[in-house]
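Structure, as C-alpha cells:
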Amino acid sequence: MIIAIDGPAASGKGTLARKIAEHLGLHYLDTGSLYRAVARDVLARGYRLDDTWAVVAMARSLDSASLDDGGLREPGIGEAASRIAGIPQLRAALLKYQREFAARLPGAVIDGRDIGTVVCPNASVKIFVTATPEERARRRFLERQACGDAATFEETLQLIRDRDARDAGRESAPMRRADDADLLDTTEMDIEAAFDAAVGLIKRKISQ
Ligand code: CDP
C-alpha cells in the first residue's frame with residue numbers, strides 16, 4: 001500500500017505522514033529531505049545552485065544514510081532545495097530512488113509536493129494537506145523561535161508565500177493537488193485532530 005501525502009511548506013504533512021506510517025506499520029520517506037540533501041551537497045562543494053551538471057552529479061552520488069542529518073532542516077537549506085527543485089534533470093535523477101522506496105513491502109507513506117501526481121500516481125490513498133499561509137507562517141515562526149532564530153513573523157510569512165509561488169509555479173512537476181486526492185485543511189486543527197482526520201480518510205478510501 002502506498003499513501004501519498006503532498007502539500008505546501010509547514011502544512012504539517014511531515015509530522016502527519018510520519019505518524020500515519022508508525023500507526024500502520026509502513027515505511028516512511030520525506031522526499032523533501034532528498035532535495036535538501038542535494039542542496040546541502042551542492043553548497044558544501046562550492047557549486048552554484050543553478051549549475052545543472054553539479055546538481056545532477058550530487059543527486060546521483062547522494063548518500064541515503066545522510067538523509068537524517070539535522071542540518072537539513074536549516075531554513076537556508078529549505079530555500080536552496082526549493083531553488084534547485086525546478087531543475088527537471090534533478091527531478092528525473094531522484095525519481096528512481098523514490099519509486100524503489102515506494103515499492104518496499106509492506107508499503108510506504110511518502111510526503112512531498114508531487115507524490116500523488118508524478119512519483120506515485122497509482123497510490124492507493126492521496127491526501128493534499130494544506131493550511132492558510134498565515135497559519136503555516138505562525139507554525140514555522142514558533143518552530144524557528146524555539147531554535148533561537150531572530151526572523152520576524154512578517155519575514156516568515158513572506159518566505160512561505162515566496163516558496164508557495166516557486167513550488168506551485170515551476171514547470172517541472174509543480175506542487176498541485178492530484179485530481180483524485182482528498183484535501184485536508186489543517187488550519188483549525190492540531191496534530192492529533194489532523195491525524196484523526198487523515199486516518200478517517202484512509203479508512204474510507206480503503207473500504208471503497
Ligand atoms: O518542510 P518543508 O515543507 O518546508 O519543505 P520540504 O518538504 O523539506 O521541501 C523542501 C523543498 O524541496 C520544497 O520547497 C520543494 O521545492 C522541494 N521538494 C520538491 O520539489 N518535491 C518534493 N517531492 C519534495 C520537496
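Taken together, the values in this text are just the output of simple stated rules run on the coordinates, not laboratory data. These figures come from a predicted structure and were not determined experimentally.
What the table below lists for this structure:
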item	result
Calculated from backbone phi, Karplus (6.51, -1.76, 1.60) coupling profile of region 156-170 in Hz, x at Gly/Pro	5, 4, 5, 5, 5, 5, 5, 5, 4, 5, 5, 5, 8, x, 6
For the chain, alpha-carbon Rg over 2.2 N^0.38 Å	0.98
